[in-house]
């Protein structure tokens, strides 16, 4: 949701004495982590679906010393049967009141205690939280505030690309995920009360290909997973795309082709396909997008189906319409229920007691005469009762996978091999082998299409990755997909690892030929001196002699090891054969790796020998 005005001016921030409760570690009332499997959410072996409301304001109100917003919202959610609430997990910058992050990399402990309290009370109520980590919009700082900190004067797009901006965001994410709740002693990353993390609220960019946002999503989702493998990760996007493939005809969207032409700089399809994204995200605001109200149901249906084809569940993170009319919302919820979406979160139902200052033209109040809360409660009950059946066991296994050499030089090709085994016969399968750099950006891939498997028989797939000119650590990932890529059967996120290093640097400091003019059957001594910039072992120093026609006529080798900065000599006593024609011959010097696979240095004219 875009900027939401607050009717109540902020109070002077003070220590929340009300919350100064002795905190002790406790078992979570919310038992088990929600996971994503085969296109749906699962909890403790059963399908998990939910219908609920956004309550973005709880932490913000808490920093204004008002725990009542949290208390009354939790009571409201319990009354309506809501099991999940979506809320902001950010307050950035000096203009965000008692901010969580008032300055770049500075974290307000008292404000974070408000966040602790929200999690603590949600757990007591048996409610889970979907927490968003930054906003695209500036009302509570968001990406514009980050850019003011890390790249002043630049467009918001640099938030996704600038190294300082990305690190600042990562630092905040790390602080949140690793925080230990002062009320119950649980680390956020270990608390089942958290349903999952959204990387951002409604991210957009000026890149019509969507690749800037997608690369950021890949990097940041992997970063979150590296700290917190327990919780779901989603993006929090609205569902705009760079393609109309898979969507209803644009006529169903009032001819609004901008929804699918990259105008908003995001691709729902590409972002949902990122391996570390567990669930797809979409928002629905037809009256703000020049769409008929009925297009809301089409938008929800299309996105559920596309996400399911990609093997991901869909959470409709926000939906709203001016005046909050139930006759418009109900068909949307009917579409959500008919297509078995994972979650639907209205913007918004607010408590009638103290929450009015966070309302607006899209808000419905509870309790009130509005039919919206009761209608949403009915759909929440239906979703909660839909436990489903246990998902089928995976039918494929991947591995072992190897990369040879595992330690390669820049520019050196690497042979990658993987095995795939299916427990049942399968045809038309795609085996996808990909290589990612340390920022989780794909740098190479190949796909073996139209593959057939016999039950229980392992098959090998071999590919030579051309290598990289950039040193670093690379990860091999392997996926198995249906023939049209719509279903991901299996994904191995770390099949093999490759370390790419810069090759050793060598310099030929001198080469001598003495004497440099000889008769046939006479002897000369050819000596070359080579210096190594770094330590190296088993280096082949190659001396070769070529005639004027470019043909090699003689060769001598030395095997040497170097310490850093050391110079080694290779001397060759060469007796000119009687059969060698008189003329001028060139001495060439090469420096090779121990197995001759890599040429480090070649001097094409190191010296000259004249044969009389």
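Points worth noting:
- Of the residues examined, residue 52 is one that is within 24 Å of residue 349 (Cβ to Cβ), out of contact with any helix residue (DSSP H, G or I) (no Cβ under 6 Å at 6 or more places or on another chain) and either surrounded by 20 or more Cβ atoms within 10 Å (Cβ to Cβ) or modelled with pLDDT under 80 (or both).
- The condition of being closer than 25 Å to residue 339 by Cα, in the same structural domain as residue 341 (by TED's automatic domain parsing) and out of contact with any helix residue (DSSP H, G or I) (no Cβ under 8 Å at 6 or more places or on another chain) holds for only one of 374, 363, 380, that being 374.
- Test result for residue 247, surrounded by 21 or more Cβ atoms within 10 Å (Cβ to Cβ) and either part of a loop (DSSP other than H, G, I, E, B) or at pLDDT below 95 (or both): yes
- Odd one out for residue 235 among (1) within 10 Å of the chain's Cα centre (by Cα); (2) surrounded by fewer than 23 Cβ atoms within 10 Å (Cβ to Cβ); (3) farther than 14 Å from residue 166 by Cβ: (2)
- Residue among 403, 363, 389, 415 that alone is more than 30 Å from residue 463 (Cα to Cα) and at pLDDT 95 or above: 363
- Which listed residue, of 197, 140, 216, 149, is part of a loop (DSSP other than H, G, I, E, B) and in the same structural domain as residue 119 (by TED's automatic domain parsing): 140
- Residues (out of contact with any helix residue (DSSP H, G or I) (no Cβ under 8 Å at 6 or more places or on another chain) and crowded, with 21+ Cβ neighbours inside 10 Å) located in the range 132-146: 132, 141, 142, 145
- Enumeration of residues in the range 99-114 that are touching a strand residue (DSSP E or B) at 6+ places or on another chain (Cβ under 9 Å) and either crowded, with 21+ Cβ neighbours inside 10 Å or assigned to a helix (DSSP H, G or I) (or both): 99, 100, 101, 111
- Filtered by the rule that a residue be surrounded by 13 or more Cβ atoms within 10 Å (Cβ to Cβ), within 22 Å of residue 609 (Cβ to Cβ) and in contact (Cβ under 8 Å) with a residue 24 or more places away in the chain, the range 541-567 gives 541, 542, 543, 544, 545, 546, 547, 553, 556.
- Residues (surrounded by fewer than 15 Cβ atoms within 10 Å (Cβ to Cβ) and within 44 Å of the chain's Cα centre (by Cα)) located in the range 568-612: 594, 595, 596, 597, 599, 602
- Of the residues making up the range 250-295, those that are within 30 Å of residue 491 (Cβ to Cβ) and part of a helix (DSSP H, G or I) number 8.
- Of the listed requirements (1) modelled with pLDDT under 95; (2) surrounded by fewer than 21 Cβ atoms within 10 Å (Cβ to Cβ); (3) over 27 Å from the mean Cα position of the chain (by Cα), residue 96 misses just one: (2).
Per-residue answers, yes or no, for (1) touching a residue at least 60 places away in the same chain (Cβ under 8 Å); (2) outside the structural domain of residue 235 (by TED's automatic domain parsing):
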{"position": "316", "(1), (2)": "no, no"}
{"position": "321", "(1), (2)": "no, no"}
{"position": "331", "(1), (2)": "no, no"}
{"position": "343", "(1), (2)": "yes, no"}
{"position": "351", "(1), (2)": "yes, no"}
{"position": "403", "(1), (2)": "yes, yes"}
{"position": "426", "(1), (2)": "no, yes"}
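The values are calculated or read from the model by the stated rules, or taken from the named source; none is laboratory data. Quick caveat: nothing in here was measured; it's all calculated off a predicted structure. So basically every Cβ, Gly included, is an ideal-geometry build from the backbone, and we count neighbours across all protein chains shown.
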